[in-house]
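Working notes, beginning with the structure itself.
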Amino acid sequence: MIVDDQAIVRTGMAMILSVEDDITVVAEAEDGVRAVDLAARHRPDVVLMDIRMPRLDGLDALRALTRPGARPAPSVVMVTTFDDDEYVTRALRSGACGFVLKDAGPRLLVEAVRAAAAGDALISPSITVRLLGRMMRTLPAPGEETVLSPRESDVVRLVAQGLTNAEIAGALRITVGTVKTHLTNIQAKLAARNRVEIAAWAWRNGYAHQDTGGPP
């Protein structure tokens with residue numbers, strides 16, 4: 001489902017996505033109120049949603065779609081601009097699984113939808129560094145009880161480098177299901193809500209550039 005208050009943006013995204021054999025656009029909405037209604041009716045797997053919209057903005061609609069016990073609970077990819085870093089941070093903490101910029105181009109838009117459908121996250125590279133910098137300043141330092149296993153450390157390192165679950169599985173020669181299990185355990189240990197918070201923790205604590213798990 002595509003959610004944006006500008007008809008030309010919705011039309012453009014729909015044209016890009018509709019030519020892909022594995023993607024079907026099931027609905028379009030002009031604001032958050034309509035998005036919540038259509039999500040219940042069409043049950044999309046992925047929602048591409050603007051942040052600034054009338055009636056109900058993207059952040060409030062995101063919280064409605066991803067609240068505990070919500071059915072359906074689609075993967076939501078937020079669409080943002082270069083000036084929306086604060087909104088991006090807030091949306092991550094509300095359950096967004098990815099971000100693309102409106103001028104990111106067709107390829108990244110398609111990749112973001114596919115990543116969300118597969119349970120991965122994709123963030124436009126041009127905002128990743130600034131976003132991690134913001135989150136590294138606000139995330140608490142780990143306590144002594146934060147202990148990752150060697151394999152969990154490897155997974156954290158690869159998440160920080162931007163790899164998807166499938167790429168991590170290939171690099172470590174394990175299954176995608178095992179990667180997801182490790183990520184669940186890592187999120188619990190770090191009290192992280194999503195992959196970006198895991199990546200921010202990794203960069204802050206020296207895991208991002210290690211060849212094997214853990215800092216030196």
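Things worth noting here:
- Spin-label model, V19 to A7: label points 7 Å out along the Cα-to-beta-carbon direction sit 2.3 nm apart.
- Prolate/oblate/rounded label for region 1-69 (Cα gyration tensor, a/c 1.5): oblate
- Computed from the Cβ-Cβ distance with R0 of 25 Å, the FRET efficiency linking A118 to R55 stands at 0.20.
- When you count the other C-beta atoms within 10 angstrom of each residue and take the mean per peptide, 16-25, 104-113 line up highest first as 104-113, 16-25.
- Pair V26, A166: separation of 7 Å Cα→Cβ label points (nm): 2.1
- Linear extension gain, R67 paired with D45, 0.36 nm per residue minus alpha-carbon span: 6.4 nm
- Shape of region 15-111, Cα gyration tensor, a/c cut at 1.5: oblate
- Using θ = phi - 60° and Karplus 6.51 cos²θ - 1.76 cosθ + 1.60, couplings along region 55-62 (whole Hz; Gly, Pro as x): 6, 9, 6, x, 5, 5, 5, 4
- Here region 73-117 exposes an accessible surface that is 50 percent carbon and sulfur, computed with a 1.4 Å probe and the other protein chains kept in place.
The values are calculated or read from the model by the stated rules, or taken from the named source; none is laboratory data. No experiment lies behind these values; they were computed from the predicted model shown. Heads up, the Cβs are rebuilt from the backbone with ideal geometry, glycines too, and the neighbour counts pull from every protein chain shown. Note: areas computed on protein heavy atoms with side chains; ligands, DNA, RNA excluded. Shrake-Rupley method; radii C 1.70, N 1.55, O 1.52, S 1.80 Å.
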